[in-house]
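In what follows, a single structure is set out as structure tokens and then discussed.
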Amino acid sequence: MANNMKYFIGNWKMFGVPKSITILNKINKFVKNDRKFNKKYKIIITPPDTLIESYSKYFSNQAISIGAQNCYYKNNFGPNTGSISSLMIKSVGAQYIIVGHSDNRLEGDTDIMLKSKVENSLHNKLKIIFCIGENKEDKKKNKTFKVLKKQIENVLEKKFNYKDIIIAYEPIWSIGTGKIPEAEDLLKTTIFIKKILKNIFKKSNSPPVLYGGSVDGDNVSQFKSLNEIDGFLVGGASKSEKKFIDIIKNYYR
Ligand code: PGA
């Protein structure tokens, strides 16, 4: 079953300085004035940690929610130079956190570390955006479902509140490449992911499952008819107000 809410998440990665807030101001203004935008749509932006506090304050009670892109796998405070815990992220106003982005998996995040990040973040009352996705090789060898099942089952557990979790399916071969899955394949994969999740959480409804990877204002219309897809995680195109607004507009118009 599809969820009622559609999510548009913008992941800025290593981009942004304080004045980049003008991008978000324009997006915020657009959604406030657009009659088609309503409570069925949710916008979350994950700027770098350096901007979370100021942006969270600025956009409190606005259409945009702020999240973080990652955290250290240990909680609270510790002798870990250069690291930021989920407690610290929450303390500056973030409401969401991305866990398991392929950028971070490629840099060494293991399932054990990801589980710890999820546990600590939930403990600190952050909602999780958990990323999964197969690489080109997995896809070629028809291992996509096997890989996704393992990524989910190794980290998510029934004891986590499924209402605090969003899944972003991001095939690695589609991130930043301009390639997107065939609509039919994407639908099948999304339904498969939801089946696994319902099984873990023993619920009749699954957490939202979003798609991410080269989403832009043109290709987003191909996903319109796929009601099972509960939104999008956007990288590159979220750094431009025009491109991000085009995605939102072209999705619901
Ligand atoms: P992309 O990135 O939209 O630039 O492909 C998506 C992501 O990495 O989350």
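The values are calculated or read from the model by the stated rules, or taken from the named source; none is laboratory data. Not measured: the values here are computed from a predicted model. Neighbour counts run over all protein chains shown; Cβ positions are idealised from the backbone, glycine included. Areas reflect the complete protein model, heavy atoms only, side chains present, ligands, DNA and RNA absent. Shrake-Rupley method; radii C 1.70, N 1.55, O 1.52, S 1.80 Å.
Taking segment 154-186 as the range and being within 18 Å of the chain's Cα centre (by Cα), more than 16 Å from the ligand (Cβ to nearest atom) and part of a helix (DSSP H, G or I) as the test, the residues that pass are Tyr162, Lys163, Asp164.
Among the residues of segment 211-251, the ones that are at pLDDT 95 or above, closer than 20 Å to Lys36 by Cβ, hydrophobic (A, V, I, L, M, F, W, C) and not in a loop (DSSP other than H, G, I, E, B) come to 8 in all. Scanning segment 1-29 for residues that are more than 14 Å from Ala237 (Cβ to Cβ) and aromatic (Phe, Trp, Tyr) yields one hit, Tyr7. Yes or no: Lys243 over 14 Å from the mean Cα position of the chain (by Cα), within 12 Å of the ligand (Cβ to nearest atom), within 21 Å of Lys136 (Cβ to Cβ) and of a type in the set (D, E, K, R)? The answer is no for Lys243. Scanning segment 94-125 for residues that are among the charged types (D, E, K, R) and within 13 Å of Gln69 (Cα to Cα) gives Asp103, Arg105, Lys117. Of all the residues in segment 110-136, those that are part of a strand (DSSP E or B) and within 16 Å of the ligand (Cβ to nearest atom) number 5. For the structure I just gave you, tell me whether Leu226 is away from the ligand (no atom under 16 Å from the Cβ), farther than 30 Å from Lys125 by Cβ and either touching a residue at least 24 places away in the same chain (Cβ under 8 Å) or open to solvent by less than 30 Å² (accessible area, probe 1.4 Å) (or both). Answer is yes for this residue. The helices (runs of 4 or more DSSP H) found entirely in segment 1-109 that carry 2 or more residues being open to solvent by less than 30 Å² (accessible area, probe 1.4 Å) and in contact with a strand residue (DSSP E or B) (Cβ under 7 Å, 6 or more places away or on another chain) are 21-33, 49-58, 86-91.
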